[in-house]
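Taken together, the values in this text are just the output of simple stated rules run on the coordinates, not laboratory data. Model, not experiment: these values are computed from the prediction. Cβ placement follows ideal geometry from the backbone for every residue including glycine, while neighbour counts extend to all protein chains displayed.
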Amino acid sequence: MTTVVDMQDVHKVYKIKGGEIHALRGVTFKIEAGEFVAIVGPSGSGKSTMINMITGIDRPTRGEVHVAQHRLTKMNEDQVAEWRGHNVGVVFQFFQLLPSLSVYENVIMPMVYTGRWHGERRQRALELLDRVGIADLVDKYPAEISNGQQQQAAIARALANDPQIIVGDEPTGNLDPESAERVFGLFSELVKNGKTIVLVTHDRDLAGRIPRVQEVRAGQLMTGDAVDERLVQRAYP
Ligand SMILES: Nc1ncnc2c1ncn2[C@@H]1O[C@H](COP(=O)(O)OP(=O)(O)OP(=O)(O)O)[C@@H](O)[C@H]1O
Ligand SMILES: [Mg+2]
């Protein structure tokens with residue numbers, strides 16, 4: 001088996017006015033290639049912080065993070081950005097399509113710096129839009145399509161460079177049940193095709209359909225009684 005995500009004793013402390021927030025308190029977590037993992041937990045428990053360590057959007061205060069065979073904690077910001085463009089597809093809750101670009105242009109954008117020639121980029125963008133079910137919307141602008149369709153386009157864009165791992169932070173959080181189901185179906189299909197997927201979700205039903213569910217509480221992973229209940233009490237009195 002290939003380990004795609006390896007977090008070792010990761011801590012994250014945010015400095016804020018008047019103090020510090022210890023958002024992650026020693027997270028050790030591994031994800032193997034082809035796994036489908038849900039991250040659940042109360043608001044403020046550290047789910048997005050954890051996800052941001054995996055995508056390299058943020059870096060730990062202490063600990064090590066290896067993702068897709070790279071040691072992120074040793075790389076500088078430019079190196080991480082370059083690495084992310086090739087290895088990780090990211091989908092957020094709120095829409096991240098560029099409003100001034102068409103759906104097609106949004107999907108082609110991540111491919112621009114990859115050395116693929118124009119015709120190949122075009123063909124791949126059209127294929128991806130077809131695969132996520134919105135081939136007929138290529139020339140629309142984000143404001144002209146529904147939230148669910150925007151999320152389908154965001155997934156197509158996340159797949160542009162054929163990343164090893166897809167990370168979603170509440171990707172269905174803002175969708176009606178039918179659109180959420182369609183988007184969830186796309187993720188399930190990607191796992192069948194060998195992708196590794198990590199989704200943060202508040203939706204218990206949805207999490208229940210994901211093979212591996214990891215709960216986060218007060219910056220720690222729940223593993224039986226391993227969580228320090230005093231921290232949880234302090235965070236959620
Ligand atoms: N950039 C930041 N600066 C300061 N504090 C932050 C920052 N980002 C997150 N935090 C704090 O870190 C803790 C964990 O936040 P995080 O966003 O990871 O929670 P979450 O589990 O994703 O919550 P939600 O379900 O509401 O999205 C919270 O107390 C939050 O206020
Ligand atoms: Mg969050």
What ranking do Arg204, Arg182 get, fewest neighbouring Cβ atoms within 10 angstrom at the top? Arg204, Arg182
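With charges set only on the Cβ (+1 for Lys and Arg, -1 for Asp and Glu), what does the dipole of the chain come to about its Cα centre, in debye to the nearest 20?
Numbers: 27 positive and 30 negative charges, 121 e Å.
The dipole magnitude comes to about 580 debye.
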Pairs over 26 Å Cα to Cα, from Lys30/Lys195; Lys30/Lys192; Lys140/Lys195, come to Lys140/Lys195
Sort Val10, Val90, Val107 so the one with the fewest other Cβ atoms within 10 Å of its own Cβ comes first. Val90, Val10, Val107
Mind checking which lysines have their Cα closer than 19 Å to the Cα of Lys15? Skip sequence neighbours fewer than 8 apart in that chain. Lys47
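Evaluate the relative contact order of the range 40-100 (contact order divided by residue number), counting alpha-carbon pairs under 8 angstrom at least 6 apart; express in whole percent. It would help to have the intermediate numbers written out before the result.
Values: 29 pairs, mean separation 13.3, N = 61.
For the range 40-100, the relative contact order is 22 percent.
If contacts are Cα pairs under 8 angstrom and at least 6 residues apart, what is the relative contact order of the chain in percent? Show your work: numbers first, answer last.
On the way: 434 pairs, mean separation 65.8, N = 237.
RCO, the chain: 28 percent.
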For the chain, what are Rg and Dmax over the alpha carbons, in angstrom? 18.1, 58
Expected max-MSF residue from Ile39, Ile197, Ile134 in the GNM of the chain (alpha carbon, under 10 Å) is Ile134
Rounded to the nearest 0.05, what FRET efficiency do Glu189 and Lys17 give with R0 = 35 Å and r taken as the Cβ-Cβ distance? Could you check? 0.20
³J(HN,Hα) computed for each position of the range 197-206 - Karplus, 6.51 cos²θ - 1.76 cosθ + 1.60, integer Hz, glycine/proline x: 10, 10, 10, 7, 8, 8, 8, 4, 5, 4
Given the -39500 (n - 2.57) contribution per DSSP H run of 4+ residues, what per-residue ellipticity at 222 nm results for the chain, rounded to the nearest 500 deg cm²/dmol? -9500 deg cm²/dmol
For the chain, modelled as a GNM with alpha-carbon contacts under 10 angstrom, which of Thr61, Thr49, Thr172 fluctuates the most? Thr61
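Among Leu24, Leu97, rank each residue by its count of other Cβ atoms within 10 Å, from fewest to most, as a rough exposure measure. Please report the intermediate quantities before stating the final value.
Details: Leu24 27, Leu97 21.
Ascending number of Cβ neighbours within 10 Å: Leu97, Leu24.
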